[in-house]
Structure formats: structure tokens, C-alpha cells
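This report refers to the structure that appears directly beneath it.
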Amino acid sequence: MESKETNTKTLESTNSVARPKKVTFRSIGRFLWENKSFTIGLLIVLFMLSLGIFADYIVPHDAYNGNPREKLLSPFWMKDSNPKYVLGTDYIGRDTFSRICYGLQVSIIIGFGSVAVSLTIALVIGIISGLSHPSLLDSILMRLTDVQMAFPFIVLAIIILSVVEPTIGSVILVLGLCSWAVRSRVIRSSVMIQKESDYVAAGIALGASKFRIAWKYILRNLLPSLVAAIPLDVANAIVLESLLSYMQIGLKPPIISLGSIMGDGRNYMASHWWMTAIPGFVILFFVLGLNLMGDTLQKKMTDVSVKG
Amino acid sequence: MSESILRVEDLKKHYPIKKGFFNRQVGTKYVVDGISFDIKSGETVALIGESGCGKTVLLRVLLGLEKQTSGKIFLKGIDISTLSKRERKKTYQKLGMIFQDTSGSMHPRMTIEQILEEALYLVGDRDRKSQYQKVTDVLLKVGLDPAFRNRLPIQLSGGQRQRVVIARALIINPAIVLADEPVSALDVSLQAQVLNLFMDLQENENLSMLFVAHDLAVVRQIAHRILIMYMGHILEEAPSNEIYSNAKHPYTKVLLIASPSIAKGINEESFHVGLKVGDTPDPANPPQGCLFCTRCMQAMERCYKERPERKEVSPGHFVCCHLIDEEES
Amino acid sequence: MFGTIVKRILQGILVLVLVVIITFVVLRLIPGDPARQMASDGSAQAVEEIRAEMGLDKPIYVQLFEYIPKLLTGQLGWSYFQKAPVFDVIVNTAPFTYALLFSAMILGVIMGLIFGIIAAVKAHTWVDRTLSAIAVVFQSMPTYWVATMLILIVSVQWGLLPAVGYKSPKYLILPAFVVSIPIFTAVLRNVRQNVMDGLSQEFSRAARARGISHITILFKYAFRNSLIPFITQIGGQVGVSLGTCVLIESVFSLPGMGMQILNAVLRRDYNLVQGLILILAATFVLINAIIDISYSYLDPRIRKAQGGL
């Protein structure tokens with residue numbers, strides 16, 4: 001493990017060990033080549049993100065108002081399709097592809113927004129309870145996370161969304177409030193381990209304040225693994241958002257959600273199955289891309305923390 | 001050797017043992033139980049003891065990571081044991097710490113430069129320009145190329161990491177350096193290098209140091225005085241030469257025999273030593289008499305009943321053992 | 001040990017009390033008055049009478065102080081829409097949910113175990129890669145969407161299995177399969193990782209050097225080593241799966257607690273919502289308490305490390 005050095009050298013030169021890695025185009029390229037599943041995931045995610053973000057410039061038709069004379073058209077590979085509508089139209093003749101682009105836009109906003117909310121809550125609660133560990137405050141916060149985990153998410157969401165009007169903002173809050181508990185436990189146990197480490201002891205011995213310990217020492221070590229968790233959490237949030245809309249307790253029209261596009265197709269399922277299937281596949285691919293990225297990132301993070 | 005740098009008076013650290021649902025206190029662990037010593041300017045004192053004898057806890061108390069149960073700690077004459085963290089910072093008398101686990105004591109995601117600058121920042125040195133110069137100087141002082149500053153700890157070898165940890169202890173210009181087994185994790189050739197570094201520092205920097213180790217062989221060349229610690233107490237204290245040539249306490253003799261490199265020149269017969277089978281007693285329930293009586297081959301009846309007093313057998317050589325009285329009479 | 005168990009049980013009770021209080025308060029903050037929906041003629045007087053009868057005219061904290069002592073004596077109250085005691089509604093619906101949960105857990109865990117071990121033994125071959133790919137695709141499928149698609153293909157197109165409602169255990173097959181998917185993928189990944197770790201450990205290599213057969217090493221050494229992370233994970237899965245059950249029941253119109261609870265929330269049937277949430281939360285708390293206690297029993301190291309759980 002340790003390189004042998006001879007006594008004759010008084011100054012240890014930097015050539016004896018590998019130089020620190022610099023981020024270059026070449027190193028990025030190599031990372032992408034060596035982690036092909038990450039690259040596939042990244043390509044899918046980038047594709048979905050661009051569809052959503054540039055929806056205004058991409059959509060070929062009006063996503064909100066349809067042409068009833070061209071309703072219930074099939075996607076391009078089937079009979080009864082109209083080349084104008086690549087993925088067909090819904091029951092009042094709105095273009096499915098255009099609606100999916102806007103649905104993706106909403107998914108992206110809500111996915112990242114709610115993860116920002118839940119990670120912030122998880123960080124604050126995890127760090128506070130981990131630092132104050134054997135204390136009343138810690139016990140209270142841990143019981144609070146227990147409560148969140150014991151509550152069936154769907155019920156909690158319905159209850160909250162019947163109090164507040166379901167808008168993009170409120171759905172972000174609901175999803176954020178319903179999914180911080182697991183993450184905050186992970187953070188707490190990591191904080192508790194770090195708190196006992198010698199590098200924190202070294203800081204405290206030199207007079208570092210609690211705030212500085214939390215900010216400069218503990219958070220710094222926590223951040224990479226949190227970043228690695230983001231794709232998986234966003235994937236989760238996207239599925240939950242579409243679920244709420246599908247069950248008609250989430251976003252209300254005219255806001256388009258992938259879940260409500262699916263829900264619209266439900267009544268025509270036996271004859272026009274693609275209306276439900278297509279938005280489902282879009283969610284599946286988006287989530288698959290995020291999961292592929294997240295898996296690789298998490299594996300890399302644990303590798304680093306084991307070595308460090 | 002004149003000015004007293006670190007003086008400890010009857011320092012105790014006891015831990016309550018709590019049990020059951022209501023966390024009732026059912027006993028006390030006497031981890032550090034009445035330790036006194038005095039380290040003078042430029043002096044290196046070695047504290048020797050087995051693992052679990054309380055030496056690490058003693059260091060944590062000295063650093064202020066834990067509050068002592070009783071006793072006083074004087075750093076350059078100022079009693080720091082009663083000061084709060086903030087007041088402690090204001091005294092500007094600093095303790096440099098060298099941890100046993102070198103990689104664990106450095107933040108895995110900070111570069112060497114950030115680690116060293118953080119130490120400076122925490123002691124109030126916040127001038128970026130002078131920080132840069134100080135990092136260069138201290139790295140040279142411990143024998144590392146200043147180009148190492150941009151590395152992460154993980155990118156260094158074990159010996160290099162140990163030098164960085166020493167650099168961090170030195171960069172704040174401490175009144176005294178506390179070293180917790182600084183070489184025990186290194187292999188022999190690296191041990192020699194690091195010990196050489198310490199000797200250079202003693203010579204050039206007038207370094208005062210408390211050097212904790214579990215083995216007498218390591219400290220032979222660098223310690224001026226040696227304290228032998230067992231179960232939270234000091235059993236023998238003597239100048240370095242005295243320990244190696246004229247150890248009095250049976251426990252010290254056992255430690256000497258245990259170090260092959262020292263034991264070579266010693267006539268084993270004359271020491272009458274050996275160790276009874278058995279573990280160290282539970283620090284929650286220490287023996288009533290001499291602490292070492294449960295493992296001492298020469299234990300007499302008296303040793304089980306009465307705890308021996310600390311006696312000065314020759315100038316600067318103190319022993320806690322009933323055998324001394326036997327020898328005199 | 002005994003102290004740990006008592007502590008764990010008390011913690012569980014505390015969590016349930018908090019769940020009851022939060023549900024109680026939030027339900028009464030929801031706009032929408034059950035009395036107005038129930039009053040037959042809709043006249044103001046009829047509404048007032050029903051409100052008084054249900055105790056809704058009093059302040060929330062008074063209602064809460066009246067509710068909790070009743071709860072402690074086991075009275076869950078009366079469901080106004082089902083026209084039956086809440087207790088009876090739960091007794092009638094809970095078996096469906098538990099049967100669904102249980103069969104899905106069994107299915108998911110067995111499939112996950114088998115394929116996880118296969119993937120670990122064949123690590124880094126095309127078998128392992130295929131299984132990992134299947135796992136990540138399955139993990140990415142929204143369960144409610146899978147449920148809808150399965151109804152369409154298996155029931156409507158092929159006519160193999162019944163789609164909605166419940167008349168015989170055959171009706172549980174599709175829902176149980178859907179609920180088992182996330183369990184399957186999670187168990188597969190977990191078992192694969194831990195068995196692989198176990199196989200690469202010193203004791204497994206030493207056993208191989210002594211000529212012990214592969215199968216023995218696999219089950220006696222590597223798998224045993226992965227038991228604790230595996231059990232821990234199952235505990236977490238129970239909570240997630242309970243939520244999935246609630247949801248999938250409504251897709252398949254299974255008359256379980258999930259269906260009831262969604263309808264009860266929408267109809268503001270306070271007592272019923274309260275009772276059902278309590279039972280669901282209690283199930284989750286109980287299973288996790290059992291798992292915590294059992295693995296602290298399995299591994300004495302955890303007993304110490306558990307600390308502030």
C-alpha cells in the first residue's frame with residue numbers, strides 16, 4: 001500500500017505518486033466510454049430535457065386546442081394515421097406529441113423542484129439531528145421522520161392536495177414534503193460517523209465552531225453523494241407526479257402532465273391502447289435514463305468514500 | 001530546560017456507566033485517574049502504555065475535546081482547563097496535534113494546502129498571502145516538496161501523509177506538540193525517517209513534545225523523559241536513560257523485555273519478570289491495592305491491599321511500587 | 001436486550017400517536033363539510049343537526065380530546081358513508097390488502113433471491129448483464145402504468161386473467177405481480193451485491209482453497225453474510241409496498257383498504273380515514289420494529305451501533 005522511500009531522499013518529489021487528475025475533454029470522454037450505461041442514460045436524459053425545455057419551439061401543433069375532426073388518430077406506424085400527427089391525437093383531436101413535450105416540461109420542473117425541496121429538508125434535519133445526536137432534539141426529529149415514513153404517500157398527498165389548490169408550486173411542495181425522510185436518515189448516519197472522525201476532532205481542537213464543522217467539514221464530504229442521489233430522486237418524483245395527475249388529484253387542466261395524458265386515454269383503452277401506452281413509455285424512458293445515470297454516480301461515490 | 005510549557009496536575013477523567021431504560025448510573029470508569037507531569041521548554045516526554053490504558057483519552061482532554069472530571073492543565077502558566085473554547089483561543093498558546101490515523105485525521109476532500117490553511121484560519125491567521133508562504137515553509141520543513149500542496153491526502157503515500165500531519169501540527173507555531181502514536185502505523189524504514197524528522201525539529205526548532213506510544217523501542221532516541229502509564233495512572237517516571245538502564249517497576253521491565261531491540265542487551269534473569277496470564281482489570285472496577293497486582297509476578301500480600309505511594313528513588317525518578325520499600329529494608 | 005425492545009415499542013406507539021394527531025388535524029382543515037354532503041334535504045337546519053351529532057361543531061382540540069380516549073379503549077367510531085362501525089369496515093377490507101401485500105412480498109423476494117444469486121455467481125457475464133438490464137428497466141416502470149397495461153394485454157386482449165374486482169384468489173395474481181416488481185428489482189440488486197461481496201471475502205476464498213464445493217460456499221458463507229443487509233432492506237420495502245398496494249388496489253378495483261381510503265378521503269368520512277391510516281401506519285411500524293429487534297438479535301454488533309434509532 002505504501003510506497004517505499006529511501007532514506008537518502010530528504011525532499012520527497014512529486015513524481016513518486018500519480019498527479020492529481022485534471023478535468024479535460026479527454027478525461028470526460030474516457031469516463032463516458034468506460035461507463036457506457038451512464039452515457040446511454042445521459043443521452044436519453046438530454047433528449048428528454050431538450051424536448052421539454054424547448055417545447056415552445058419544437059411543438060408542431062397547438063397542444064391545448066385540438067381539431068375535433070381529426071380526433072383519435074393513430075401514431076405513424078399504424079393504419080388510420082395522419083403524417084401531420086406523428087404520435088396520433090387524443091379524444092378531442094389534440095396532437096399527442098405536442099402534449100407530451102409540454103408534459104415533459106412540467107415533469108422536469110416538478111421533478112427537479114421537489115427534489116430541491118426534499119433534499120433541503122433532508123439536509124437540515126439530517127445534519128441537525130446527526131450533530132446533536134444523543135439529545136431530545138435528535139429523538140424528536142427522528143420520530144418525525146418515522147411519521148413521514150409510516151404515512152402512505154398517496155393518502156398524505158390526497159389530504160394535502162384537497163386543502164391546497166393543486167398548482168405546479170403546491171405539487172412541488174407536496175412531493176418534497178412527502179419524500180425527505182429516507183434521505184435525512186442516510187445523512188444523519190453519515191454525519192454521526194463523520195462527527196467521530198479525527199479530521200473533525202482536529203478542527204474542533206483548533207477551535208472550529210459547530211457551524212464551521214457542519215459547513216466546511218461535514219457538508220463538503222456529504223455533497224458528492226447527495227449530488228449522486230439527485231437523478232434517482234428526480235426519477236422518483238417524476239413518477240409520483242404523473243401518478244397524482246393520472247388519478248386526477250394532481251395538476252388540473254389546462255396544465256399538461258404526462259400522467260393526465262395517460263389518464264385521458266384510459267377511457268379509450270380497449271380500442272386506442274396507444275393513448276395510454278405512449279406517455280407511459282415516455283415516462284419509462286426518462287426514468288430509465290435518470291436511473292442509469294444515478295446508478296453509475298452512486299457506485300463511483302461509494303468507491304471514493306471507501307478509498308478516502 | 002527552564003520554562004514549564006505544559007503542566008498537568010492530578011488530572012482525572014471518569015465516565016459514568018449508564019444502564020437500563022432510565023439510564024441510571026450504575027458505575028464509574030476510571031479512565032484517567034490522577035495524572036501529573038510537567039513538560040519543560042524544548043523537552044520531549046514520552047508517555048508509554050498499552051492500548052486501553054487511557055492515553056488517548058488523556059490527549060483528548062488536553063486538546064479540549066473532552067472536559068476533565070477534575071484536575072488542572074497549565075499551558076505556559078495559564079490554566080486552560082477552566083477556560084471556555086473561545087477564551088482558550090484567545091490565549092494564543094496553541095497545541096499542535098498529531099493523530100495516530102493519518103488518513104483519518106485529514107479531510108478526504110481537502111487538498112494538502114486547504115488542510116494546512118484551515119489550521120491557520122482556525123488559529124486566526126487569515127492573510128492569504130502569508131498563508132501561502134507559511135504552507136511552503138512548513139512543507140519544506142517536514143521534507144516535502146511544496147508542489148504537494150495541490151494533492152488530496154489519498155494521493156500521498158503513508159509516510160508522506162504522516163509528514164503532512166506533522167506539518168499541520170507545526171504550521172500554527174504551537175507551544176507544544178502532542179503526538180498520538182505518530183509512527184505506529186508506519187513500517188520500520190518509514191518509522192526511522194519520521195523519528196529523524198522529529199530529532200531535526202528538536203534540534204532546530206526547540207520543539208516541546210508529548211509523544212505517546214505503546215512501545216519503548218520507538219521513543220528511545222527522542223524522549224528526554226519517559227512516563228509509564230497503566231490503567232489511568234503513572235506507575236513510573238524517569239529520565240530516558242534511567243528507564244532503559246535502571247527500571248524499577250515490574251511493569252516497566254515487562255515493557256522493556258517486550259521490545260526485542262532493547263531486550264537484547266539486558267540480562268533477563270536479573271529482572272525476574274514475566275506476566276501472569278490474564279487481562280488488564282476492568283477500569284470500572286480497579287483492584288483495591290496496586291493496579292498492576294493482578295498481573296504482577298512479584299506481587300506480595302501487601303500489593304493486593306494497599307495502593308503504593310509515589311516515591312522518588314533517585315533524582316527525577318519516581319516509582320509507585322511496594323518492592324521499593326522491600327529493597328530499602 | 002429487554003430494554004431495547006421496550007424502547008422500540010414505546011417509540012412505535014409515539015409515532016402512531018403523532019400519526020393520529022396529524023391526520024385528525026389535517027382532515028378537519030380540509031375544506032368540504034361531510035355534514036353538508038350527508039344532509040338529505042340540504043337545509044341549513046339538517047346540516048346543523050348532523051354536525052352536532054358528529055361533534056363537528058366543537059373546536060378541533062375538544063374533538064381530539066374526545067377522540068383519543070375512545071381510541072384507547074378500541075373504539076374507532078362510526079363510518080357515516082358505509083353506515084357501519086369503522087372496525088367492521090377494516091375487518092372486511094384488511095384481508096385483501098394484507099393478502100396482496102403478503103403474496104407480492106413472497107413473489108418479489110423469491111424472484112429477487114433466485115435471480116440475485118444467479119447474477120452474483122455469473123457476475124460480469126452476459127447473464128449478469130442481462131439481469132441487471134432487466135432490473136433497471138423494471139425499476140423504471142411506473143407501477144400504475146404497468147397495472148393498466150397488464151389489464152389491457154392479459155385480461156382484455158388475451159382474456160387470461162380477470163381484470164377488476166374480486167371473486168376468487170385468481171383476481172389477486174395480476175395485482176400481486178405488479179406490486180412485486182419493485183420488490184423484485186430491489187432485492188435482486190441487493191442480493192447480487194452482497195453475495196458478490198461475500199464470495200470475494202477472505203473466508204470464502206479460504207473455503208475454496210480447502211476444496212469445499214461451490215454450492216456450499218455460496219449458501220454457507222456468502223449468502224449467510226448477506227442476510228442482515230437483506231433483512232434490513234425488506235423492512236424498508238414493506239413500507240414502500242404498502243403504499244403501492246393502496247394504489248394498485250384502486251387500479252384493479254380490489255375491495256381492500258386502499259380503495260376504501262381513497263374514497264373515504266374524497267367523501268370526508270373522517271372516522272374511516274382516521275381508522276384506516278392508523279391501521280396502515282401500525283402495520284408499517286410493527287413490521288419495522290420486528291425487523292429492528294430481530295436483526296439486533298441476529299447480529300450483536302448492531303445492538304451497540306444502533307444508538308439513537
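The values are calculated or read from the model by the stated rules, or taken from the named source; none is laboratory data. This is a predicted model, so every value here is computed, not measured. Counting neighbours? That spans all protein chains shown, and the Cβs are built from the backbone with ideal geometry, glycine included. Just so you know, the surface numbers come from the protein's heavy atoms only, side chains and all, with ligands and any DNA or RNA stripped out. Shrake-Rupley method; radii C 1.70, N 1.55, O 1.52, S 1.80 Å.
Is it fair to say B:L139 is part of a loop (DSSP other than H, G, I, E, B) and over 22 Å from B:L65 (Cβ atoms)? Here the answer is no, as B:L139 does not meet what is asked. Taking the criterion of being touching a Ser or Thr at 6+ places or on another chain (Cβ under 9 Å), open to solvent by 10 Å² or more (accessible area, probe 1.4 Å) and either acidic (D, E) or outside any helix (DSSP H, G or I) (or both), the only residue of the stretch C:242-267 that qualifies is C:P255. Can you find a residue in the stretch A:207-225 that is surrounded by 23 or more Cβ atoms within 10 Å (Cβ to Cβ), within 20 Å of the chain's Cα centre (by Cα) and not hydroxyl-bearing (S, T, Y)? Within the stretch A:207-225, none of the residues are surrounded by 23 or more Cβ atoms within 10 Å (Cβ to Cβ), within 20 Å of the chain's Cα centre (by Cα) and not hydroxyl-bearing (S, T, Y). Within the stretch C:21-30, can you find the residues that are more than 10 Å from chain A (Cβ to nearest Cβ) and surrounded by 14 or more Cβ atoms within 10 Å (Cβ to Cβ)? Hits for the stretch C:21-30 are C:F24, C:R28. Restricting attention to the stretch B:181-197, which residues are closer than 14 Å to B:G143 by Cα and either more than 9 Å from chain A (Cβ to nearest Cβ) or not in a helix (DSSP H, G or I) (or both)? If the condition is that a residue be closer than 14 Å to B:G143 by Cα and either more than 9 Å from chain A (Cβ to nearest Cβ) or not in a helix (DSSP H, G or I) (or both), then B:V194, B:L195, B:L197 are the ones that fit.
Restricting B:L255, B:L235 to residues that are crowded, with 23+ Cβ neighbours inside 10 Å and modelled with pLDDT under 85 narrows the list to B:L255. Suppose the filter is under 25 Å from B:Q202 (Cα atoms) and within 10 Å of chain A (Cβ to nearest Cβ); does B:A119 pass it? It is true that B:A119 is under 25 Å from B:Q202 (Cα atoms) and within 10 Å of chain A (Cβ to nearest Cβ). C:G235 satisfies every condition listed in (1) open to solvent by 30 Å² or more (accessible area, probe 1.4 Å); (2) over 21 Å from C:D128 (Cβ atoms); (3) touching a residue at least 24 places away in the same chain (Cβ under 8 Å) except (1). Against the conditions (1) open to solvent by less than 40 Å² (accessible area, probe 1.4 Å); (2) touching a residue at least 60 places away in the same chain (Cβ under 8 Å), A:A202 satisfies every one except (2). One residue alone among A:R30, A:R69, A:R19, A:R26 is modelled with pLDDT of 85 or more, open to solvent by 50 Å² or more (accessible area, probe 1.4 Å) and among the charged types (D, E, K, R), and that residue is A:R30. Given the criteria in a loop (DSSP other than H, G, I, E, B) and within 27 Å of C:L286 (Cβ to Cβ), does A:P166 qualify? Considered against the rule, which asks whether it is in a loop (DSSP other than H, G, I, E, B) and within 27 Å of C:L286 (Cβ to Cβ), A:P166 comes out as no.
Reported count of residues in the stretch C:245-279, each being of a type in the set (G, A, S), farther than 19 Å from C:A176 by Cβ and facing chain A (nearest Cβ under 10 Å), is 1. Condition first: open to solvent by 50 Å² or more (accessible area, probe 1.4 Å) and under 16 Å from B:P286 (Cα atoms). Can you find one or more residues in the stretch B:27-41 that meet it? Yes: one or more hits.
Within the stretch B:165-194, the set of residues being crowded, with 19+ Cβ neighbours inside 10 Å, out of contact with any strand residue (DSSP E or B) (no Cβ under 9 Å at 6 or more places or on another chain) and among the aliphatic types (A, V, I, L, M) comprises B:L186, B:L190, B:V194. Checked across the stretch A:288-295, the condition of being under 30 Å from A:K79 (Cβ atoms) and open to solvent by 40 Å² or more (accessible area, probe 1.4 Å) holds for no residue.
Could you say whether any residue in the stretch B:102-111 is at the interface with chain A (Cβ under 9 Å from one of its Cβ atoms), over 22 Å from the mean Cα position of the chain (by Cα), among the hydrophobic types (A, V, I, L, M, F, W, C) and open to solvent by less than 50 Å² (accessible area, probe 1.4 Å)? Yes, the stretch B:102-111 has at least one match. Of all residues being open to solvent by less than 70 Å² (accessible area, probe 1.4 Å) and hydrophobic (A, V, I, L, M, F, W, C) in the stretch B:258-289, which is modelled with the highest pLDDT? Just the residue, please. Filtering the stretch B:258-289 for residues that are open to solvent by less than 70 Å² (accessible area, probe 1.4 Å) and hydrophobic (A, V, I, L, M, F, W, C), the one modelled with the highest pLDDT comes out as B:A284. For B:Y304, the conditions (1) open to solvent by 90 Å² or more (accessible area, probe 1.4 Å); (2) aromatic (F, W, Y); (3) part of a loop (DSSP other than H, G, I, E, B) all hold with the exception of (3).
Counting only residues that are in contact (Cβ under 8 Å) with a residue 12 or more places away in the chain and open to solvent by less than 50 Å² (accessible area, probe 1.4 Å), the stretch C:112-132 holds 10 of them.
Here's the yes/no breakdown for (1) surrounded by 15 or more Cβ atoms within 10 Å (Cβ to Cβ); (2) small (G, A, S):
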{"site": "C:A44", "(1), (2)": "no, yes"}
{"site": "C:I60", "(1), (2)": "no, no"}
{"site": "C:F65", "(1), (2)": "no, no"}
{"site": "C:I68", "(1), (2)": "no, no"}
{"site": "C:F81", "(1), (2)": "yes, no"}
{"site": "C:F96", "(1), (2)": "yes, no"}
{"site": "C:S140", "(1), (2)": "yes, yes"}
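The residue that is farthest from the other protein chains (Cβ to nearest Cβ), counting only those in the stretch B:135-150 that are open to solvent by 20 Å² or more (accessible area, probe 1.4 Å) and among the hydrophobic types (A, V, I, L, M, F, W, C), is B:L140. Every listed requirement among (1) aliphatic (A, V, I, L, M); (2) under 23 Å from C:L254 (Cα atoms); (3) surrounded by fewer than 20 Cβ atoms within 10 Å (Cβ to Cβ) is met by C:V86 save one, (3). Considered as a group, the residues in the stretch C:189-207 that are basic (K, R) and surrounded by 15 or more Cβ atoms within 10 Å (Cβ to Cβ) include one that is farthest from the chain's Cα centre (by Cα), and that residue is C:R192. Among (1) open to solvent by 30 Å² or more (accessible area, probe 1.4 Å); (2) in contact (Cβ under 8 Å) with a residue 40 or more places away in the chain; (3) aromatic (F, W, Y), where does C:F184 come up short? Among (1) open to solvent by 30 Å² or more (accessible area, probe 1.4 Å); (2) in contact (Cβ under 8 Å) with a residue 40 or more places away in the chain; (3) aromatic (F, W, Y), C:F184 violates only (1).
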